[in-house]
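Okay, so here's the structure we're looking at.
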């Protein structure tokens with residue numbers, strides 16, 4: 001008895017590229033490569049896009065700014081609501097007042113008419129400019145002393161701050177930033193001395209005579225300001241003057257040698 005042949009149902013093979021090749025065909029279908037970070041072509045039509053009207057955008061840019069005001073008008077404002085005209089100047093925001101620095105500098109130029117009222121409000125921008133000026137003049141003389149001068153300035157106003165407050169005792173009311181401001185502004189005669197030494201022949205007693213004049217100038221100015229700004233400074237004027245004299249003598253030696 002002949003056995004009947006069993007037939008099996010073979011399901012069709014589905015390829016990812018779509019479509020089934022015909023039986024017996026050796027043609028292989030290849031997928032078209034796509035650019036990186038791009039969706040497949042089959043799903044590209046399903047991505048929604050926002051409509052953008054070029055004409056309306058151009059009209060908006062010509063009629064007014066994105067911040068709500070016309071371009072170039074005086075009513076322009078920031079997104080927060082404050083206008084540009086209400087903003088403070090950049091130097092004022094940084095605490096730099098050129099007119100105040102100029103008035104304080106002019107008061108130092110008159111050693112017999114120093115106005116202590118101008119120096120009641122301390123600032124560090126003027127002393128910093130004088131420090132940079134002294135360093136630049138020393139650099140023109142062939143001396144690179146940026147770190148040395150900065151260290152001496154810091155030691156100087158700490159030294160004078162301790163001396164004045166120890167002399168005043170419990171009544172000492174000298175703040176450290178005010179002392180640093182006074183010492184820095186009183187450095188102006190030393191800066192002028194450094195500029196003068198560029199044109200004066202080195203060596204001889206004439207150089208020391210010129211340096212002595214500028215040291216006495218700086219000492220008188222600093223002593224007058226300290227006595228006026230500190231309570232009970234008149235009682236210790238001599239000791240304060242001696243401390244100031246030591247400070248500016250060291251700076252003059254730095255300039256000469």
Task: Among the candidates 190, 210, 148, residue that is within 14 Å of residue 255 (Cβ to Cβ), crowded, with 18+ Cβ neighbours inside 10 Å and modelled with pLDDT of 90 or more - done: 190
Open item on the list: So for the stretch 163-174 (the condition being closer than 28 Å to residue 197 by Cα and surrounded by 12 or more Cβ atoms within 10 Å (Cβ to Cβ)), does at least one residue qualify?
Closed with: no
Open item on the list: With the requirement that a residue be more than 20 Å from the chain's Cα centre (by Cα), surrounded by fewer than 16 Cβ atoms within 10 Å (Cβ to Cβ), part of a helix (DSSP H, G or I) and free of Cβ contacts under 8 Å to residues at least 40 places away in the same chain, what does the stretch 110-135 give you?
Closed with: 117
Open item on the list: Go through the stretch 154-186 and report how many residues are part of a loop (DSSP other than H, G, I, E, B) and in contact with a helix residue (DSSP H, G or I) (Cβ under 7 Å, 6 or more places away or on another chain).
Closed with: 3
TODO: Give just the number: which of (1) surrounded by fewer than 20 Cβ atoms within 10 Å (Cβ to Cβ); (2) within 37 Å of the chain's Cα centre (by Cα) does residue 197 not satisfy?
DONE: (1)
Task: Near pairs, Cβ below 7 angstrom, 6+ apart or cross-chain, from the stretch 169-180 (at pLDDT 90 or above) to any residue that is assigned to a helix (DSSP H, G or I) and surrounded by 13 or more Cβ atoms within 10 Å (Cβ to Cβ) - done: 176/161; 178/229; 179/157; 179/160; 179/161; 180/127; 180/157
Task: Failed condition for residue 198, given (1) without any contact (Cβ under 8 Å) to a residue 60 or more places away in the chain; (2) outside any helix (DSSP H, G or I) - done: (1)
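Does at least one position in the stretch 222-245 carry a residue that is under 20 Å from residue 145 (Cα atoms) and assigned to a helix (DSSP H, G or I)?
No, the stretch 222-245 contains no residue that is under 20 Å from residue 145 (Cα atoms) and assigned to a helix (DSSP H, G or I).
The values are calculated or read from the model by the stated rules, or taken from the named source; none is laboratory data. This one's a predicted model, so the numbers in the text were calculated from it and none came from an experiment. Note that each Cβ is placed from the backbone with ideal geometry, even for glycine, and that neighbours are counted across all protein chains shown.
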